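Here is the structure we will look at.
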Amino acid sequence: MHVIVIGAGLAGTATAWYLRQTGAAVTVIERGAAAAMETSFANAGMLTPSMADPWNAPGTWRNLLRWIGREDAPMLLRPGALPGLLGWGLQFLRHSRPGPFHRNTLKNVRLALYSLKELQRLRDVAAIEYDAAAAGTLRACRDQASLDRAAALAGFLADHGVVYRVLDRAGLVATEPALVPIAESLVGGIHYCEDESGDAHLFTRALAQRAAECGVEFLYRSEFTGVRLDGSRVSGVEHRFLGSDIAGGGGSDANPDASDLARARAKPLDADAVVLAAGSFTPVLARQLGLRVPVRPVKGYSITAPVGDWASPPRIPVSDDHLHAAVTPLGDRIRVAGTAEFAAYDDALTPSRLNNLLNLLRAIYPDYAARLDPATISPWCGFRPVSADGVPIIGSTGIEGLYLNTGQGPLGWTMAAGCGHLLADLMLGRTPALDTRDYALARF
């Protein structure tokens, strides 16, 4: 069986790995120059079954309306994005009722816990290094009402396997001593003991290398242009080569063999199955076949800076509900990531949104922020693929041989290994570890 996977981010690379491990021949088509160059490049770095609750919690729509036009809002709706959100938005609101929201949270937590275990096995088997840490994550709270809400959610998740501790102020700073300078502004928090963290970009690049060593073919700088059909069944894909992927190359003028390579790579590719794992761009690609995939891009931002001479840097990621953002230590770097912006596919780095992350850094680690050299900060933004119900979309479509792996939203890193393994099992006729009907496109 030959499978073509579209996209070499977390979802696509993990899918390719598991398909190859179960015997399929796999080709990955990626428009970037390497794996994990878009949404998987600089995310928050947290592996968090503890954050399984979808963003469309009851009452979210009121906040979205209240925050329109506020650049400091944790979730910002740009008016220009509204036309593309109408149908999707109605489903988003329908699933924000308490009943659907809680059911969808449980679907996510089951998948996230399974995925974290799969990731642990995968990194051992493939011997992957990615600045991994297993100290858990902290949710810091500045008032009792926030702590009570966080504890209630933690209790709900604990019934389904998420391990946590409620901490008072002393317990919080004992768990993360780097919080001592702001201890008086905190009332306590939640320690999710079994969460992990690590650099998703490093992980994906390393996994792509291991997959290539096992026989997966990666066609970088190659753009998917369409699926070929034989009747109602997938028979292959069309694609076009975007430039030389030879190390040191500078395009066809710089390399006399590149034009021949481009023509060769632009030939149609035969396949028994195709997986669309292109993140937020999956519905755009699927639309060419008349297929509606209820996923929309939600823009997130991050800034990354060196630890430098910080004498006692943090060891645990700390999240702040107020800004929907977190500060994560990644080896010798600190990453601040988060916020949510409905802005269609606008990939501009908006200064006000980046400043929100700087403000969070100042609020959590003021001493470090005060001496941080702005020239050392690397800003980034990417599009989270958010489904209408906040649950991933994994599995078959109405077109025979065409599969999806998308819709993980803010949990793409957490769910990557699990989604890839589930889909590979489903495609190759093995029994998946979870009921994949919970994640099927047919639920919409």
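Quick one: in segment 330-370, which of the residues that are without any contact (Cβ under 8 Å) to a residue 40 or more places away in the chain and assigned to a loop (DSSP other than H, G, I, E, B) is farthest from TYR130 (Cα to Cα)?
The qualifying residue farthest from TYR130 (Cα to Cα) is ALA348.
Being of a type in the set (Val, Ile, Thr), within 24 Å of LEU404 (Cα to Cα) and open to solvent by 20 Å² or more (accessible area, probe 1.4 Å): is that true of THR13 here?
Details: of a type in the set (Val, Ile, Thr): yes; within 24 Å of LEU404 (Cα to Cα): yes; open to solvent by 20 Å² or more (accessible area, probe 1.4 Å): no.
No: the conditions fail for THR13.
Kindly provide the set of residues from segment 413-436 that are of a type outside the set (Val, Ile, Thr), part of a helix (DSSP H, G or I) and closer than 16 Å to ALA112 by Cα, ordered by number.
Answer for segment 413-436, where residues must be of a type outside the set (Val, Ile, Thr), part of a helix (DSSP H, G or I) and closer than 16 Å to ALA112 by Cα: TRP413, MET415, ALA416, ALA417, GLY418, CYS419, GLY420, HIS421, LEU422, LEU423.
Can you tell me how many residues within segment 308-320 are exposed (fewer than 15 other Cβ atoms within 10 Å of the Cβ) and either part of a strand (DSSP E or B) or within 24 Å of the chain's Cα centre (by Cα) (or both)?
1
Right, SER146: under 21 Å from LEU330 (Cα atoms) and either in contact with a helix residue (DSSP H, G or I) (Cβ under 6 Å, 6 or more places away or on another chain) or not basic (Lys, Arg) (or both) or not?
Details: under 21 Å from LEU330 (Cα atoms): no; either in contact with a helix residue (DSSP H, G or I) (Cβ under 6 Å, 6 or more places away or on another chain) or not basic (Lys, Arg) (or both): yes.
No.
Only one of PRO306, PRO256 is farther than 26 Å from VAL386 by Cβ and modelled with pLDDT of 95 or more; which?
Details: PRO256 fails: modelled with pLDDT of 95 or more.
Within the list PRO306, PRO256, the selection yields PRO306.
Looking for whichever is open to solvent by 30 Å² or more (accessible area, probe 1.4 Å) and hydroxyl-bearing (Ser, Thr, Tyr) here; the options are THR406, THR414, THR431. Which one fits? Walk me through it before giving the result.
Numbers: THR406 fails: open to solvent by 30 Å² or more (accessible area, probe 1.4 Å); THR414 fails: open to solvent by 30 Å² or more (accessible area, probe 1.4 Å).
Only one candidate passes the filter, namely THR431.
Given the options PRO79, PRO74, name the one that is more than 17 Å from the chain's Cα centre (by Cα) and farther than 22 Å from TRP413 by Cβ.
Values: PRO74 fails: farther than 22 Å from TRP413 by Cβ.
Criteria check complete, one pass: PRO79.
At least 3 residues that are within 30 Å of MET427 (Cβ to Cβ) in each: list the helices (runs of 4 or more DSSP H) lying fully within segment 5-115 that qualify. Quick ask: steps written out before the conclusion?
Details: elements: 10-21, 60-67, 86-94.
The helices (runs of 4 or more DSSP H) meeting that bar are 10-21, 86-94.
For segment 116-133, which residues satisfy the criterion of being part of a helix (DSSP H, G or I), over 16 Å from the mean Cα position of the chain (by Cα) and not charged (D, E, K, R)?
Matches in segment 116-133: GLN120, LEU122, VAL125, ALA126.
Pairs needed: first member in segment 230-243, under 14 Å from GLU400 (Cα atoms); second member anywhere, open to solvent by 80 Å² or more (accessible area, probe 1.4 Å) and charged (D, E, K, R); C-beta distance under 6 Å; at least 6 residues apart or different chains.
Listed pairs, sorted by first residue: SER232/GLU400; ARG233/GLU400; GLY236/ASP270.
Within segment 117-134, is there a residue that is surrounded by 18 or more Cβ atoms within 10 Å (Cβ to Cβ), in contact (Cβ under 8 Å) with a residue 12 or more places away in the chain, under 22 Å from ILE394 (Cα atoms) and among the hydrophobic types (A, V, I, L, M, F, W, C)?
Checked against the condition, which is being surrounded by 18 or more Cβ atoms within 10 Å (Cβ to Cβ), in contact (Cβ under 8 Å) with a residue 12 or more places away in the chain, under 22 Å from ILE394 (Cα atoms) and among the hydrophobic types (A, V, I, L, M, F, W, C), segment 117-134 yields at least one hit.
Just to be sure I understand, how many residues within segment 265-304 are in a loop (DSSP other than H, G, I, E, B) and surrounded by fewer than 21 Cβ atoms within 10 Å (Cβ to Cβ)? Break it down stepwise before answering.
Taking segment 265-304 and keeping what is in a loop (DSSP other than H, G, I, E, B), we get 266-268, 271-272, 277-278, 288-294.
Now narrow it down to the ones that are surrounded by fewer than 21 Cβ atoms within 10 Å (Cβ to Cβ): 266-268, 272, 288-292, 294.
The qualifying residues number 10.
Can you tell me which residue within segment 45-80, out of those that are among the polar types (S, T, N, Q) and modelled with pLDDT under 95, is farthest from ARG103 (Cα to Cα)?
Within segment 45-80, the match that is farthest from ARG103 (Cα to Cα) is ASN63.
Which residues, counting only those in segment 186-205, are out of contact with any Ser or Thr (no Cβ under 7 Å at 6 or more places or on another chain) and in a strand (DSSP E or B)?
GLY188, GLY189, ILE190, GLU196
Looking only at segment 34-71, filter to residues that are open to solvent by less than 10 Å² (accessible area, probe 1.4 Å) and of a type in the set (A, V, I, L, M); which one of those is farthest from TYR164 (Cα to Cα)?
ALA35
So the check is Cβ under 9 Å with 6+ separation or different chains; which pairs have a first residue in segment 312-323 that's within 22 Å of ASP143 (Cα to Cα) and a second one that's surrounded by fewer than 15 Cβ atoms within 10 Å (Cβ to Cβ) and of a type in the set (D, E, K, R)?
Final answer for the pair search is ASP321/ARG149; LEU323/ASP72.
The values are calculated or read from the model by the stated rules, or taken from the named source; none is laboratory data. Note that the structure is a prediction, hence the values are computed from the model and not measured. In this analysis, Cβ positions are derived from the backbone assuming ideal geometry, glycine residues included, and neighbour counts consider all displayed protein chains. Surface areas here come from the heavy atoms of the whole protein model, side chains and all, with no ligands, DNA or RNA. Shrake-Rupley method; radii C 1.70, N 1.55, O 1.52, S 1.80 Å.
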